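Report on one structure; see the data block that follows.
The values are calculated or read from the model by the stated rules, or taken from the named source; none is laboratory data. In this text the structure is predicted, and so the values were computed from the model without any measurement. FYI the Cβ positions are ideal-geometry reconstructions off the backbone, even for glycines, and counts take in every protein chain you see.
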Amino acid sequence: MLMLGEQKKLQGPLLLQPKKFFDDRGFFAETYQEERWKNAGVIPTFIQDNHSLSRQQGTVRGLHLQHPPFEQAKLVRVLRGKILDVVVDVRSDSDTFGEWESFELDAEGMLQLYVPAGFLHGFMTLEENTEVLYKVSKPYSKAHEGGVKWDDPILGILWPNLKPQLSDKDLVLPSWEEFKGSL
């Protein structure tokens, strides 16, 4: 069984709560079942699972997306640790274009975040040794990757007050204004 989380401000992203069944051994949860997730609003077929380990608290991965025809929907969950997950609406015809929303996901709560195509996505780890697993709907294409600096002042995303750990690639992502010009 799948339970939906509360309605959020941006149309498209969904918080999903798989139901846990407990016994003396621990628990069992169905973390993805195509028909149930489709009924909840998760439409794409996922073709690949990605798994990341971030050793340091404050690790930032993002804000990333894939441009058409390789735009990706994602289904994100935390296997160990905790993250602040952030999405930014980049659908030019959307009433919430350029707006962001954040979600706290952790291994214990097992909330999953569905991120449809048309959103920048990124996260910051709130604990050391955090592992994130996410399904994607299309393969990665280096020629179609895009992104925005995680701390762009125009977006004004409220990140935790942690020392950010960034990849060289994420350090040189364009500003929101530069990114908008590429759409």
Give the number of residues within segment 70-100 that are in contact with a Ser or Thr (Cβ under 7 Å, 6 or more places away or on another chain) and touching a residue at least 40 places away in the same chain (Cβ under 8 Å). 12
What are the residues in segment 107-126 that are within 14 Å of residue 52 (Cα to Cα) and surrounded by fewer than 21 Cβ atoms within 10 Å (Cβ to Cβ), if any? 107
Would you list the strands (runs of 3 or more DSSP E) that sit entirely within segment 24-86 and hold 3 or more residues that are of a type in the set (Lys, Arg)? 74-80
Residue selected from segment 39-63 under the condition exposed (fewer than 13 other Cβ atoms within 10 Å of the Cβ) and among the charged types (D, E, K, R), by the criterion farthest from residue 112 (Cα to Cα): 55
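Being modelled with pLDDT of 85 or more, surrounded by 11 or more Cβ atoms within 10 Å (Cβ to Cβ) and touching a helix residue (DSSP H, G or I) at 6+ places or on another chain (Cβ under 8 Å): is that true of residue 16 here?
Numbers: modelled with pLDDT of 85 or more: yes; surrounded by 11 or more Cβ atoms within 10 Å (Cβ to Cβ): yes; touching a helix residue (DSSP H, G or I) at 6+ places or on another chain (Cβ under 8 Å): yes.
For residue 16, the condition - modelled with pLDDT of 85 or more, surrounded by 11 or more Cβ atoms within 10 Å (Cβ to Cβ) and touching a helix residue (DSSP H, G or I) at 6+ places or on another chain (Cβ under 8 Å) - is met.
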Taking segment 127-154 as the search range and keeping residues that are touching a strand residue (DSSP E or B) at 6+ places or on another chain (Cβ under 6 Å) and buried (at least 20 other Cβ atoms within 10 Å of the Cβ), which one is nearest to residue 55 (Cα to Cα)? 130
Among strands (runs of 3 or more DSSP E) entirely inside segment 90-183, those with 1 or more residues being farther than 15 Å from residue 65 by Cα are 100-106, 112-115, 119-125, 130-136
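Evaluate the following for residue 83: is it under 17 Å from the mean Cα position of the chain (by Cα) and surrounded by fewer than 21 Cβ atoms within 10 Å (Cβ to Cβ)?
no
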